[in-house]
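Below is one structure, written out as structure tokens, with a few remarks after it.
The values are calculated or read from the model by the stated rules, or taken from the named source; none is laboratory data. Since we're looking at a predicted model, the values are computed, not measured. Neighbour counts run over all protein chains shown; Cβ positions are idealised from the backbone, glycine included. Ligands, DNA and RNA are excluded from the accessible area calculation, which covers all protein heavy atoms including side chains. Shrake-Rupley method; radii C 1.70, N 1.55, O 1.52, S 1.80 Å.
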Protein chains: 2
Amino acid sequence: MSQPQFLPQPVAEPPLSFREASFAATAASRVIIERVSPSVDAGIFPSKAVVGQTVVVEADIFMDGHDKPGAQLLWRPVNDLQAQAVPMSPLGNDRWQAQFTPTRSGLHSFTIEAWVDVWASFRSDLLKNAAAGSASPSEIDEGREHVLAALQRAPDADWEHAGAIAVQLAEGESTQALAILISEDLDILMQRCGERRLSTRLPREVLVDVERTAAAFAGWYELFPRSQTRSPDIHGTFDDVIARLPAIRSMGFDVLYFPPIHPIGVSHRKGRNNSLNAQPTDVGSPYAIGAADGGHEAVHPLLGGMGAFRRLMAAADDYGLEVALDFAVHCSRDHPWLAEHPGWFSWRSDGSIRFAENPPKKYEDIVNFDFYSKDAKPSLWLALRDVVQGWVDEGVRTFRVDNPHTKPVPFWQWLIADIRSRQPDVIFLAEAFTRPAMMYRLAKIGFSQNYTYFTWRTTKQELTDYFTELTTQAPKDFFRPHLFVNTPDINPLHLQTSGRPGFLIRAALAATLSGLWGVYSGFELCESAPLPGKEEYLDSEKYQIRVRDWNAPGNIIGEISRLNYIRKQNPALHSHRNVKFYNASNEQVLYYGKATPDRSNFVLTAVSLDPTHAQETRFEVPLWEFGLPDDAAVQVEELMRGQSFVWRGKIQHWRFVPNEIPFAIFRIRPLS
Amino acid sequence: MSQPQFLPQPVAEPPLSFREASFAATAASRVIIERVSPSVDAGIFPSKAVVGQTVVVEADIFMDGHDKPGAQLLWRPVNDLQAQAVPMSPLGNDRWQAQFTPTRSGLHSFTIEAWVDVWASFRSDLLKNAAAGSASPSEIDEGREHVLAALQRAPDADWEHAGAIAVQLAEGESTQALAILISEDLDILMQRCGERRLSTRLPREVLVDVERTAAAFAGWYELFPRSQTRSPDIHGTFDDVIARLPAIRSMGFDVLYFPPIHPIGVSHRKGRNNSLNAQPTDVGSPYAIGAADGGHEAVHPLLGGMGAFRRLMAAADDYGLEVALDFAVHCSRDHPWLAEHPGWFSWRSDGSIRFAENPPKKYEDIVNFDFYSKDAKPSLWLALRDVVQGWVDEGVRTFRVDNPHTKPVPFWQWLIADIRSRQPDVIFLAEAFTRPAMMYRLAKIGFSQNYTYFTWRTTKQELTDYFTELTTQAPKDFFRPHLFVNTPDINPLHLQTSGRPGFLIRAALAATLSGLWGVYSGFELCESAPLPGKEEYLDSEKYQIRVRDWNAPGNIIGEISRLNYIRKQNPALHSHRNVKFYNASNEQVLYYGKATPDRSNFVLTAVSLDPTHAQETRFEVPLWEFGLPDDAAVQVEELMRGQSFVWRGKIQHWRFVPNEIPFAIFRIRPLS
């Protein structure tokens, strides 16, 4: 492909030649605004924020010479024309900052306005000359002129005050005038009405997507409704799920998530343990969506149909639990759409339908959509949007999306924006176990939360590296990690042999490292029997009904409940973004802290990663975060055990015993 | 300033609401191109490159599902409409790469085109199915269709070959067809003519500013022409400078740089050692530009006027030396422009001119321009541009710009682009000793090179941190550090007490850390007498003529000559960008390596930072860079001493003696 080609054709903005650049520069501002944060891909995508939580905006703002710039932040929900102005303050080294706290969900935007602050520039020089006794009469005259001109612009509330100063300044002698000119009193007034010369703004407003709290902070519990039954021969219903709600809520979870609840296809139905030969009694995989009874819009009749679903929604609401549905964008061979909309699918030249493949594997029970076929755009896109909208109309506000990375990214970008244009509180979780570029892209284009690599990160180095990337690199502004300890698809290798201590370790890590964590049912019973040699569960619930004894000995329901309680009580644990890793001497002990911005809530977590042996470690109490010396003391509350004590000095020690609690969560406070 | 304000007014692109974003997304490409490198501030500014040196372009390119994307780089000088296409290759983990080598200076641009590679996607599946023996007849038929359709698009050169394949494929049996479909032969052809579905490009072309070699690799020597004389009572001339050219060239320098060469003002002239009371014989500071004899366009009569300057230019050219002039944008009180263009300056209400100040200091001999006064834009800007253009017309191709950070950045952006639109080979060096944001901004808007903080970075940690920032953070793409060991303004504190070994240390660091280094004359004689307690030279040449004995004992002319020779011989030393710091056990020894991309030139430099004591260190030979095991051997040439030997094993040892040569430069090669 080395033949020459003609450029440009679809290039939106052709590059500037030197000459064009030269003319463009003459219109550029003398005051420069750079390195704006938060900003995702130069503002193309929104950064993420949460209602009621402060958004900190920073930028480099500077200009030539020793004149002083001034700056303000202008922010608004994008549907408002009216913006709020917040003065920006210099942090040093040309970095400026301002904050705002959104009060409702939806897209917001901000820009930064910066200018030559004529008064501040003049006053800075005057103060130095005055201190050196070298303020000249002409300088004082100049100051008078600045002030008298500026006071004309004084806001109404300041008008009387401004008038008084103007009179003093106009009538006073030089020494009196100098005293007024350098007074704090005048400076405060001039900050409001001083001349702003050569004012400039960012070339584009920067987007911030503000979501409700649950987008960033929630504990999820996943179950198969059909398994909520007394016998594997009896299909559970949503009414059975209702009976389970008190137990789930008492564990402290916020979101109850179901795999697909729709009618299940019978053609090529999978049997137990993914067998290709289903028995007549086999219930099939709920991911084989669609049958004679309906497709993505329908509820499986054996779950009780739409009536039972609505009863469940009401009951969940009574218990303060939110229901999350699975949105899996593909069809069983029996989905009504195959006959109704053949143009939405891909066909071979011999007239056979193209089923899902990952060569040489073939998934004959699943048919994918052809999003870019001539018949599919827009009708398929609209139909899928209508499916989601239908569930939103039923009150569903959270969707876990199955394998979004195997469907076109522009489709998700469109669908999520479309749904949220009417209901900005809807949350989408991306289940994309794929390479980082795609995982991050899905977060950029609108997914509120993402499944992560956490499930496979087990060592101190791996966990530290991963969370350092998520909290200090580009993803910090747009990617919210949802830490699932297990899923119906993933029976993690490390849990297959770890026994109960391993489950406690993973629960503690997930619950304290991110604001979002999730458990698939059975985890609390430390279930781990694998399909031999695989990272999958034996007798997977994907293919059969599983009945469990929720009171089985050795369960960790108490510990999970306690973890969720600690999470709710400690705002420091409501996000992953504030995590800092501190020093612990033992390579088997991961040790990190989280604090609220004002440090009023400061939580240290230490987790032994060894489910087999007792581990001891020395660790550093980050006294410096409170500005305390190395020999200071802090009041400590160990939140899992409810013990209180005092630590004196920076170096402390702890011992973790697998069969007790292999981790500790300390809330610390400076000794008053 | 918390009153609401209306938005947007000067906002070029209003933010998208959810609904607008939703519609926009439907037009977005299914193939995603992200994280393009090099790209400065999302392509707003050009990255920097050098004629004849390879530009490596990378991007994340990916799409949904398991279809394969394809991609090509399209690059061109911006004045050409015709772009060159280069296929991009995957590096793994969705990263793709291609390279191009510009052959002329000037602005270039590139874009990336990516598409669904229909053939590669099909072939990848077919290969897996064929290997599993499960390629179906319908799949083979599909392959036939792909190929027969694609071969219609075969380039002329491939037409015969394509035709032969088409015949075989159309007539062959299934097994024969399969063999053809999976053949390498067909794949090579299909890479050229296979279907590219849903092709997309970057939203804007990305700029690359290509400059001649000297923008990135040059040794500079600075002198005051008037000091090239036998006696402080006799003003040196350009003809005296001509006599010095052989010595300067023999030291290996490439650029000869003069402080301002213009007529010097007499009002408020500064005397020796910056005295406010000049004696009648005092020559004044060359930065007090402008007198009755002329301003920025004129040559000081005592230097020999324009005639002597032209003789110098011709002679310098004969010696292979390039002349760099100082562009200092301010006036003495006697500059003709004060009378001719009063509107270009700033005046007080009492009618007095506003001179330069840095309160409480006053610089009564210097007047700054008021770039944004109503009379100055554009006439002042054009006049200053014409000054530069005038010197360009005299053959000058390099300008060192004095304090650019105290003049408006848009002015520089305009001026540099304007000059380079006619003569892209002109180089501008920014002398901006200021905070990082401004220093970097000046590089972004067009300065080829910048003075740096190197002059004050002396410890191993400081030097490592600084060069790590310059070579791994954003500046790597646009900032070229010019390492001056001293300047007429800076007599570095550490050299005031270090003696000769300190001069050798700083020369070695500057000459090997960056492609650009500079020496102000006197350095080679280890001059260091300070104004007491200051970072300035006693009897500074800025205010008086200084005559030197160029053969004074203890000079380091030999060592500097050798360093410049080593630099020229070793392409690894032609840039700062390839520096890597390696382990040396001694905290007083800085140890780093540089290599060409193919590692054919691999240079390790170890510098003792201690001018007083001998230092020894163990250090790691980076055998791994050649893929060699820890016990391998390399051939070593120590370039300062001209010694050759063999190192066996990763850990080696060296001893540095201040009064010999306190550093070593090793060229290493794997033992063949």
* Restricting the search to the range A:403-422, which residues are open to solvent by less than 10 Å² (accessible area, probe 1.4 Å), more than 7 Å from chain B (Cβ to nearest Cβ) and over 17 Å from B:R19 (Cα atoms)? -> A:P404
* Asked: So which residues in the range A:38-56 are hydrophobic (A, V, I, L, M, F, W, C) and either within 17 Å of the chain's Cα centre (by Cα) or farther than 29 Å from B:A24 by Cα (or both), if there are any at all?
  -> A:V40, A:F45, A:A49, A:V50, A:V51, A:V55, A:V56
* Asked: Name the residues in the range B:457-484 that are assigned to a helix (DSSP H, G or I), more than 19 Å from B:Y592 (Cα to Cα) and of a type in the set (A, V, I, L, M, F, W, C), would you?
  -> B:A474
* Could you check how many residues of the range A:445-456 are away from every other protein chain (no Cβ under 14 Å) and either assigned to a loop (DSSP other than H, G, I, E, B) or under 17 Å from the mean Cα position of the chain (by Cα) (or both)? => 5
* Does B:S29 count as touching a strand residue (DSSP E or B) at 6+ places or on another chain (Cβ under 6 Å), within 8 Å of chain A (Cβ to nearest Cβ) and open to solvent by 20 Å² or more (accessible area, probe 1.4 Å)? -> yes
* Asked: Assuming A:L91 fulfils every condition listed in (1) touching a Ser or Thr at 6+ places or on another chain (Cβ under 8 Å); (2) away from chain B (no Cβ under 11 Å) apart from one, which condition is it?
  -> (1)
* **Identity of the residue in the range B:341-377, open to solvent by 60 Å² or more (accessible area, probe 1.4 Å) and of a type in the set (F, W, Y), that ends up nearest to the other protein chains (Cβ to nearest Cβ)** => B:W347
* Asked: Within the range B:54-64, can one find any residue that is surrounded by fewer than 19 Cβ atoms within 10 Å (Cβ to Cβ), at the interface with chain A (Cβ under 7 Å from one of its Cβ atoms), within 27 Å of A:P404 (Cβ to Cβ) and modelled with pLDDT of 95 or more?
  -> no
* Structure fact -> Listed by range, helices (runs of 4 or more DSSP H) wholly within the range B:331-424 having at least 2 residues that are in contact with a Ser or Thr (Cβ under 6 Å, 6 or more places away or on another chain) are B:409-422
* Pick out the one residue from A:L384, A:L380 that is in contact with a strand residue (DSSP E or B) (Cβ under 7 Å, 6 or more places away or on another chain) and open to solvent by less than 50 Å² (accessible area, probe 1.4 Å). => A:L380
* Taking the range A:251-291 as the search range and keeping residues that are aliphatic (A, V, I, L, M) and touching a Gly at 6+ places or on another chain (Cβ under 6 Å), which one is modelled with the lowest pLDDT? -> A:A278
* Tally of residues being open to solvent by 60 Å² or more (accessible area, probe 1.4 Å) and within 14 Å of chain A (Cβ to nearest Cβ) across the range B:160-195 -> 4
* Are any residues in the range A:480-503 among the hydrophobic types (A, V, I, L, M, F, W, C), in contact (Cβ under 8 Å) with a residue 40 or more places away in the chain and touching a Phe, Trp or Tyr at 6+ places or on another chain (Cβ under 7 Å), and if so, which ones? -> A:F484, A:F503
* Subset of the range B:201-237 (residues that are part of a strand (DSSP E or B) and either within 14 Å of chain A (Cβ to nearest Cβ) or aliphatic (A, V, I, L, M) (or both)) -> B:R201, B:R204, B:V206, B:L207, B:V208, B:D209, B:V210, B:E211, B:A218
* Asked: What are the residues in the range B:243-277 that are open to solvent by 40 Å² or more (accessible area, probe 1.4 Å) and aliphatic (A, V, I, L, M), if any?
  -> B:A243, B:A247, B:V266, B:L276
* Per-region count, the range B:96-123, residues out of contact with any His (no Cβ under 8 Å at 6 or more places or on another chain), of a type in the set (S, T, N, Q) and either within 12 Å of chain A (Cβ to nearest Cβ) or exposed (fewer than 15 other Cβ atoms within 10 Å of the Cβ) (or both) -> 5
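Residues are listed down the side, and each one gets a yes or a no for (1) modelled with pLDDT under 95; (2) open to solvent by less than 10 Å² (accessible area, probe 1.4 Å); (3) touching a Phe, Trp or Tyr at 6+ places or on another chain (Cβ under 6 Å):
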{"site": "B:K542", "(1), (2), (3)": "no, no, no"}
{"site": "B:A552", "(1), (2), (3)": "no, no, no"}
{"site": "B:K568", "(1), (2), (3)": "no, no, no"}
{"site": "B:A584", "(1), (2), (3)": "no, no, yes"}
{"site": "B:R599", "(1), (2), (3)": "no, no, no"}
{"site": "B:E616", "(1), (2), (3)": "no, no, no"}
{"site": "B:V634", "(1), (2), (3)": "no, yes, yes"}
{"site": "B:S644", "(1), (2), (3)": "no, no, no"}
* To do: Take the range A:425-444 and flag every residue that is assigned to a helix (DSSP H, G or I), within 11 Å of chain B (Cβ to nearest Cβ), of a type outside the set (F, W, Y) and touching a helix residue (DSSP H, G or I) at 6+ places or on another chain (Cβ under 8 Å).
  => A:M438, A:M439, A:R441, A:L442
* Filter result for the condition that a residue is in contact with a Leu (Cβ under 9 Å, 6 or more places away or on another chain) and among the hydrophobic types (A, V, I, L, M, F, W, C), over B:F345, B:F355 -> B:F345
* Answer with yes or no whether B:A383 is within 9 Å of chain A (Cβ to nearest Cβ) and touching a residue at least 12 places away in the same chain (Cβ under 8 Å). => no
* To do: Please tell me if B:L198 is of a type in the set (A, V, I, L, M, F, W, C), within 11 Å of chain A (Cβ to nearest Cβ), surrounded by fewer than 18 Cβ atoms within 10 Å (Cβ to Cβ) and not in a helix (DSSP H, G or I).
  => yes
* Asked: From the set of residues in the range A:493-533 that are out of contact with any helix residue (DSSP H, G or I) (no Cβ under 6 Å at 6 or more places or on another chain) and in a strand (DSSP E or B), which is surrounded by the fewest Cβ atoms within 10 Å (Cβ to Cβ)?
  -> A:Y520
* To do: Report, by residue number, each residue of the range A:576-605 that is in a strand (DSSP E or B), in contact (Cβ under 8 Å) with a residue 40 or more places away in the chain, among the aliphatic types (A, V, I, L, M) and farther than 18 Å from A:R648 by Cα.
  => A:V589, A:L590
* Mind checking whether some residue in the range A:301-320 is at positive phi and crowded, with 16+ Cβ neighbours inside 10 Å? -> yes
* To do: Name, by its number, the condition in (1) among the charged types (D, E, K, R); (2) within 9 Å of chain B (Cβ to nearest Cβ); (3) under 24 Å from A:D185 (Cα atoms); (4) surrounded by 20 or more Cβ atoms within 10 Å (Cβ to Cβ) that does not hold for A:K128.
  => (4)
* Checklist (1) more than 30 Å from the chain's Cα centre (by Cα); (2) polar (S, T, N, Q); (3) more than 30 Å from B:A437 (Cα to Cα); (4) facing chain B (nearest Cβ under 10 Å) applied to A:Q152, failing item -> (4)
